[in-house]
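The values are calculated or read from the model by the stated rules, or taken from the named source; none is laboratory data. All figures in this text were calculated on a predicted structure; none of them were measured in a lab. Note that we place each Cβ from the backbone using ideal geometry, even for glycine, and neighbour counts take in every protein chain shown. Note: accessible area is taken over every heavy atom of the protein model, side chains too, but ligands, DNA and RNA are not part of it. Shrake-Rupley method; radii C 1.70, N 1.55, O 1.52, S 1.80 Å.
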Amino acid sequence: AARKNGIIPIAGMEMTTAEDVHLVCLFPTLEAAEAFDAAYQQYRVLYKNRPDIFGEQPILDENDEKIGEEENLLLNASTLSIDDAYALLAEYGAVVFPAHIDRDENGIIAALGWLPETPHFACVEFRDNANIENYTKMYNLDGKIILTDSDAHYLWDINEADNYLELEDEPYSSALVRESLFRLLRGV
């Protein structure tokens, strides 16, 4: 579906740690993401989803046709601490950073009261650009790569391209674009 629509896919997930903090986890390849997913299953807390309360969790194919349903609730926390999640994700080459640090629900600042020195996150994600200056001063974000994302859970909620990254892509290949993105997000 991505190839058909001219999109370079990045395999990833938003993980909820034991501290109830959301981490963005991006993988260099689909195979790395699938291998991580297999290892991650032991850290999930499995509760049956209640679609009447939490909504359906459909599995869709490349044509947006429903081919299955995730039976266990996806929004609950894992048993991995932030440190343990970071270490495990590193084994699969993932880029990891705290999601929507300026949000009261599941943001690392709201959950912990600060941004810990370890693990070292090269970048952080904001939901609202208006919060960047204040948070940078209050939580010493100097030197961090600052991202702003829509935190969209539906395609129609994705922001327009107000916020974007310029990446090296000559000679053009999706592998080079992915590699350039990962280098930037790692701060190297």
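Report, in debye and to the nearest 20, how large the dipole of the chain comes out about its Cα centre when Lys and Arg carry +1 and Asp and Glu carry -1 on their Cβ.
340 debye
Between Ala11, Ala85, Ala94, find the one with the highest GNM mean-square fluctuation for the chain; connect C-alpha pairs within less than 10 Å.
Most flexible of the set in this elastic network: Ala11.
With springs only between Cα atoms under 10 Å apart, run a GNM on the chain and tell me which of Glu19, Glu31, Glu62 wobbles the most.
Comparing Glu19, Glu31, Glu62 in a Gaussian network model of the chain, the most mobile one is Glu62.
Can you send over the carbon and sulfur percentage of the accessible area for the chain, probe radius 1.4 Å, protein chains only?
Working: 5870 of 11690 Å².
Carbon-and-sulfur percentage of accessible area, whole number: 50.
Run the Debye formula on the Cα coordinates of the chain, all scatterers equal and no solvent, and tell me log10 I(q)/I(0) at q = 0.10, 0.11 1/Å.
Log10 of I(q)/I(0), two decimals: -0.44, -0.54.
Averaged across orientations, what area in nm² does the convex hull of the alpha carbons in region 63-172 project? All intermediate terms of the calculation are to be shown ahead of the outcome.
Values: hull surface 41.1 nm².
Its Cα hull, projected and averaged over all orientations, spans 10.3 nm².
Net charge near Pro116: determine it from the other residues with C-beta under 12 Å of the C-beta of Pro116, scoring Lys and Arg +1 and Asp and Glu -1.
Taking every Cβ under 12 Å from that of Pro116, the sum is -3.
Among DSSP beta bridges whose residues both lie in region 47-188, state the antiparallel percentage, nearest 5. Please list the in-between numbers first.
Values: 4 of 8 bridges.
Antiparallel: roughly 50 percent of the beta bridges in region 47-188.
Net charge near Leu80, counting Lys/Arg +1 and Asp/Glu -1 over other residues with Cβ under 10 Å of its Cβ? Mind dumping the intermediate values first?
Numbers: positive: Arg44; negative: Glu19, Asp83, Asp84.
Residues near Leu80 contribute -2 overall.
For the chain, modelled as a Gaussian network with Cα springs under 10 Å, which listed residue fluctuates most, Ala111, Ala175, Ala77?
So, out of Ala111, Ala175, Ala77, the one fluctuating most is Ala175.
Tally Lys and Arg at +1 and Asp and Glu at -1 over the other residues with C-beta under 10 Å from the C-beta of Leu176: what net charge comes out? If you can, show how the numbers build up before the last one.
Values: positive: Arg178; negative: Glu168, Asp169, Glu170, Glu179.
Once positives and negatives cancel, what remains is -3.
Less than 21 Å apart at the alpha-carbon level, and either on another chain or at least 8 residues along: which lysines does that give for Lys4?
Candidates past the 8-residue exclusion: Lys66.
Near Lys144, which aspartates and glutamates are there with a Cα under 18 Å away, not counting those fewer than 8 places off in the same chain?
Counting by Cα, and skipping residues close in sequence, Lys144 has these aspartates and glutamates nearby: Asp102, Glu117, Glu125, Asp128, Glu133, Glu166.
Given a cut-off of 16 Å, what percent of all Cα-Cα pairs of region 92-155 lie beyond it? The partial results should precede the final answer.
Values: 848 of 2016 pairs.
I get 42 percent for the Cα pairs in region 92-155 exceeding 16 Å.
Per residue, what accessible area does the chain have, given a 1.4 Å probe and all protein chains present, in Å²?
Values: 11690 Å² over 188 residues.
With the other protein chains kept in place, the chain gives 62 Å² per residue.
At most 10 other Cβ atoms within 10 Å and a DSSP loop assignment: could you name the GluC sites (Glu not before Pro) in region 109-150 that fit?
Working: sites: Glu117, Glu125, Glu133; in loops: Glu117.
Of the GluC sites (Glu not before Pro), the ones in loops of region 109-150 whose Cβ has at most 10 other Cβ atoms within 10 Å are Glu117.
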